[in-house]
1. With the contact rule set at Cα under 8 Å and sequence spacing of 6 or more, what percent relative contact order holds for the chain?
2. If only Cα atoms are counted, what is the Rg of the chain, and what is its Dmax, in Å?
3. Please give the calculated 222 nm ellipticity per residue for the chain, where each DSSP H segment of at least 4 residues contributes -39500 (n - 2.57) and the sum is spread over every residue; nearest 500 deg cm²/dmol?
4. Nearest 5 percent is fine: what portion of the DSSP beta bridges confined to the chain is antiparallel?
5. Using label points projected 7 Å from each Cα along Cα→Cβ, tell me how many nm separate E105 and H48, to one decimal.
6. Just rank M45, M144, fewest to most, by other beta-carbon atoms within 10 angstrom.
7. Which value, in debye to the nearest 20, describes the size of the charge dipole of the chain about its Cα centre when Lys and Arg Cβ atoms bear +1, Asp and Glu Cβ atoms bear -1, and nothing else is charged?
Amino acid sequence: MALSDTPPLAHLRVAPSILSADFTNLGEAVERVTPGTDWLHVDVMDGHFVPNLTIGPPVVASLRKHTDLYLDTHLMITDPAKYLEPFRDAGADGCTVHVEVGETEALIAQMRSLGLRAGLAANPDTPFEALEPYLHLVDLVLCMTVFPGFGGQSFISDVLPKIAQVRSAADAAGLTLDVEVDGGIDERTVVEVVRAGANVFVAGSAVFNRDDPLGAVEGILAAATEERAGAPS
């Protein structure tokens with residue numbers, strides 16, 4: 001690929017996950033991190049696809065009343081087709097579905113038809129080859145660096161080669177693709193995922209379990225920025 005064809009470097013951003021926020025005072029929690037980010041990550045679990053049950057469209061609608069941030073909505077559910085429109089109507093800006101659910105092309109087409117930014121996620125043990133056919137159809141690929149279901153889990157470094165494969169394939173095809181990671185992200189692990197090619201970093205407990213959530217967001221972003229700046233061209 002000629003130098004002029006190389007996609008621009010994807011924007012680095014931290015997407016704080018409200019899964020770890022205080023739900024009794026969610027508006028205040030969001031306000032505390034807003035100066036340091038333009039995205040919020042919203043984890044939706046159905047108790048079936050993953051062993052936990054979280055929020056639905058009403059919480060997204062409540063969030064939308066209190067923030068103009070981009071709502072990055074991660075659907076860890078068995079039947080996302082049924083819920084894409086309700087989440088769009090509630091205020092989600094983008095939705096991410098799991099490749100393991102199946103019907104991937106139809107789900108991407110549905111997201112496009114609803115005006116949603118389209119994302120595709122993969123669990124830690126799902127190979128790159130499951131994602132590869134859809135890279136040109138989506139805006140974002142989410143590589144889970146823990147098994148989804150609960151916050152506070154440890155980062156799985158075995159996912160790093162898959163992150164690198166996604167970024168390499170996207171760059172080779174000239175795609176402007178956000179490569180997102182979720183699970184165990186903090187100021188240390190973000191360095192590893194930036195090195196692999198990720199540019200969007202979901203952080204929950206590393207942000208909202210700290211006394212200074214905004215400082216935590218800024219620290220993760222600073223570590224990511226420093227690593228990218230020091231990477232060989």
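1. Dividing the mean separation by the residue count of the chain yields 22 percent.
2. That works out to 16.5, 52 Å for Rg and Dmax.
3. Working: 9 runs with 82 residues, N = 233.
After summing the helix terms and dividing by the residues of the chain, the value is -10000 deg cm²/dmol.
4. Values: 1 of 33 bridges.
If we restrict to bridges inside the chain, about 5 percent are antiparallel.
5. About 2.5 nm separates the two model spin labels.
6. On the way: M45 20, M144 24.
Ordered from fewest to most neighbouring Cβ atoms within 10 Å, M45, M144 come out as M45, M144.
7. 180
Each reported figure results from applying straightforward, stated rules to the coordinates on display, with no laboratory input. Fair warning: this is a prediction, and the values are worked out from it, not measured in the lab. Here Cβ is always computed from backbone atoms with ideal geometry, including for glycine, and neighbour counts include all displayed protein chains.
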